[in-house]
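Bear in mind that the values in this text are calculations on the coordinates, not laboratory data. The model shown is predicted, which means the values in this text are computed figures rather than measured ones. Every residue, glycine as well, gets a Cβ built from its backbone with ideal geometry; the counts of neighbours run over all protein chains shown.
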Ligand code: ADP
Ligand code: MG
């Protein structure tokens with residue numbers, strides 16, 4: 001029996017270790033407990049467990065490496081999307097362990113994360129970081145090249161109001177991607193606002209959270225759901 005993961009136990013760990021980088025699975029579990037909508041995800045420690053979790057969740061599924069030492073899972077060859085059956089899950093499980101160990105020898109591996117494959121929507125990013133001058137800062141942007149190359153993000157110092165987060169969503173240059181693009185229906189902006197507010201609350205409630213990265217969140221016409229998450233805690237006292 002492992003003890004259930006709670007913010008309380010993680011804060012204890014940060015007090016002992018100074019800095020704790022949570023894996024995707026751990027981050028999603030904690031954010032889920034705080035009312036943030038995350039895609040159903042489990043941790044598999046063996047190939048057969050990966051198949052069992054997939055069958056529980058229902059196909060198609062996604063498999064990803066679960067390691068606190070591997071931050072960029074795709075770059076490490078650690079992500080396999082659109083797996084449709086047990087055979088594909090078994091193969092993906094083996095490939096992920098083989099490829100990531102090659103790229104990151106010595107990385108500590110907890111297992112492989114198994115999750116539902118989300119249907120296509122608009123990928124956005126929600127983040128929080130600590131600024132030396134301003135304290136906790138909330139970030140919103142579109143996924144992929146929009147953030148990485150165009151640096152198209154909006155920022156606000158926490159605490160934020162509903163009006164602040166509404167502006168954050170609307171003021172990015174790529175805003176039109178959210179209002180109906182290439183046959184996709186417009187996304188429900190209020191669900192993104194809810195998530196921004198929930199992340200700001202989480203940061204306020206737990207000042208030890210130094211970084212939070214939801215990348216991506218997939219936005220739809222009726223909801224928004226986190227498919228990748230990373231939380232870093234630091235005890236700076
Ligand atoms: P990393 O950012 O560590 O490379 P991600 O978990 O973000 O890994 O996965 C890479 C990409 O795969 C995401 O940006 C997203 O496009 C896609 N993806 C990841 N998880 C899912 C999922 N559960 N459903 C649908 N697409 C996903
Ligand atoms: Mg990601």
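Before moving on, here are some points about what is shown:
- Förster radius 35 Å - calculated FRET efficiency between residue 82 and residue 16, Cβ distance, rounded to 0.05: 0.30
- As a length-normalised measure over Cα pairs under 8 Å and 6 or more apart, the relative contact order of region 40-102 settles at 36 percent.
- Estimated FRET transfer efficiency (residue 131, residue 176; beta-carbon r; R0 30 Å; 0.05): 0.55
- For region 7-116, a/c is not less than 1.5, where a ≥ b ≥ c are the root eigenvalues of the C-alpha gyration tensor, and a/b does not top b/c. That puts it in the oblate class.
- Efficiency of FRET from Cβ geometry, residue 222 and residue 49, R₀ 30 Å, rounded to 0.05: 0.40
- Our summary of shape: the Cα atoms of the chain have principal axis extents of 51, 48, 31 Å, ordered from largest down, in whole angstrom.
- Residue order, fewest to most surrounding Cβ atoms within 10 angstrom, among 193, 237, 17: 237, 17, 193
- Remark: relative contact order (region 122-234) = 30 percent; criterion is Cα-Cα distance under 8 angstrom and separation of 6 or more residues.
- Backbone N under 20 Å from the residue 184 label point (7 Å along Cα→Cβ), restricted to region 10-39: 37-39
- Label sites at residue 103 and residue 59, each approximated as a point 7 angstrom past Cα along Cα to Cβ, lie 2.6 nm apart.
- Euclidean distance between Cα centres, region 140-205 to region 25-84, Å: 24
- Exposure proxy for 37, 113, 74: other Cβ atoms within 10 Å of each Cβ, ordered fewest to most, give 74, 37, 113.
- Contact order relative to length of the chain, as percent, for alpha carbon pairs under 8 angstrom and 6 or more apart: 24
- Difference of contour (0.36 nm per residue) and Cα-Cα distance, residue 9 to residue 110: 34.6 nm
- Residue among 107, 44, 224 with the largest mean-square fluctuation in a Gaussian network model of the chain, springs linking Cα atoms under 10 Å: 107
- With the largest listed first and rounded to whole Å, the semi-axes of the equivalent ellipsoid of region 77-156 from the Cα gyration tensor are 32, 18, 11.
- The chain, helix-only ellipticity at 222 nm - DSSP H runs n ≥ 4, -39,500 (n - 2.57), divided by all residues, nearest 500: -10500 deg cm²/dmol
- Per-residue Cβ neighbour rank within 10 angstrom, fewest leading, 21, 62: 21, 62
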